[in-house]
1. Starting from 0 in steps of 5 Å, tell me what percent of the Cα-Cα pairs of the stretch 68-118 lands in each bin.
2. Quick one: 3J(HN,Hα) in Hz for the stretch 81-91, Karplus 6.51/-1.76/1.60 with θ = phi - 60°, rounded, Gly and Pro as x.
3. In square nanometres, what is the average projected area of the Cα convex hull of the chain?
4. Out of residues 5 or more away from Arg75 or on other chains, whose amide H comes under 5 Å of its own, with H placed 1.01 Å from N in the peptide plane?
5. Over the chain, give the accessible area per residue in Å² for a 1.4 Å probe, as an integer.
6. Taking all protein chains as present, what is the carbon and sulfur share of the accessible area of the stretch 57-119, in % to the nearest whole number, probe 1.4 Å?
7. Place +1 on the Cβ of every Lys and Arg and -1 on the Cβ of every Asp and Glu in the chain, take the dipole about the Cα centre, and give the residue among Cys55, Gly35, Val87 whose Cα lies farthest towards its positive end.
8. Tabulate in residue order the Karplus-calculated ³J(HN,Hα) for the stretch 67-80, using 6.51 cos²θ - 1.76 cosθ + 1.60 with θ = phi - 60°, rounded to whole Hz; enter x for Gly and Pro.
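The values are calculated or read from the model by the stated rules, or taken from the named source; none is laboratory data. None of these values were measured; they are calculated from a predicted model. For neighbour counting, all protein chains shown are included, and Cβ atoms are generated from backbone atoms with ideal geometry for every residue, glycine included. These accessible areas exclude ligands, DNA and RNA; they are computed on the full protein's heavy atoms, side chains included. Shrake-Rupley method; radii C 1.70, N 1.55, O 1.52, S 1.80 Å.
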Amino acid sequence: MAQQFRIVNARSGAVLAGAVTLAHDSQSRRKGWLGIDAAPPGEAIWLEPCEAVHCFFMRFTIDVLFLDRRLRVVRCRPLLRPWRIAVCLRANSVIELCAGTIDATGTVAGDQIVLEPVA
């Protein structure tokens, strides 16, 4: 069984997602949340490597965090709607979250993200 993680903002201690899907290969990065009607509550997708995302063919709005290699937030893109693109050339990876998560947790550029193992 694969190791499970949750995503935590180290500055505030806020849990951004209780479960994360790792999308570290080409096929899983292309698939993402395509084909479903809503982001699963409390879940996230971590895409690596990644410096741009698109919401073509998606049916719902998402929040996007762009991270550097040290998992520090370099850009927040809340409420990215379907048929939109977000880019951050300084990013090494992206976390896609349920819409509203960035505002609800107070996550801002410069925050350190931690992936904590879930028992």
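1. Pair shares across the bins are 4, 17, 29, 27, 16, 5, 1.
2. Listing the rounded values in order: 7, x, 6, 10, 10, 10, 9, 8, 5, 7, 7 Hz.
3. Working: hull surface 27.4 nm².
In nm², the orientation-averaged hull projection of the chain is 6.8.
4. Phe66
5. On the way: 6370 Å² over 119 residues.
Counting only protein heavy atoms, the per-residue value for the chain is 54 Å².
6. Numbers: 1810 of 3210 Å².
The nonpolar share, carbon plus sulfur, comes to 56 percent.
7. With unit charges placed on the Cβ atoms, the residue in question is Val87.
8. 10, 7, 5, 8, 6, 8, 5, 9, 7, 10, 10, x, 6, 7
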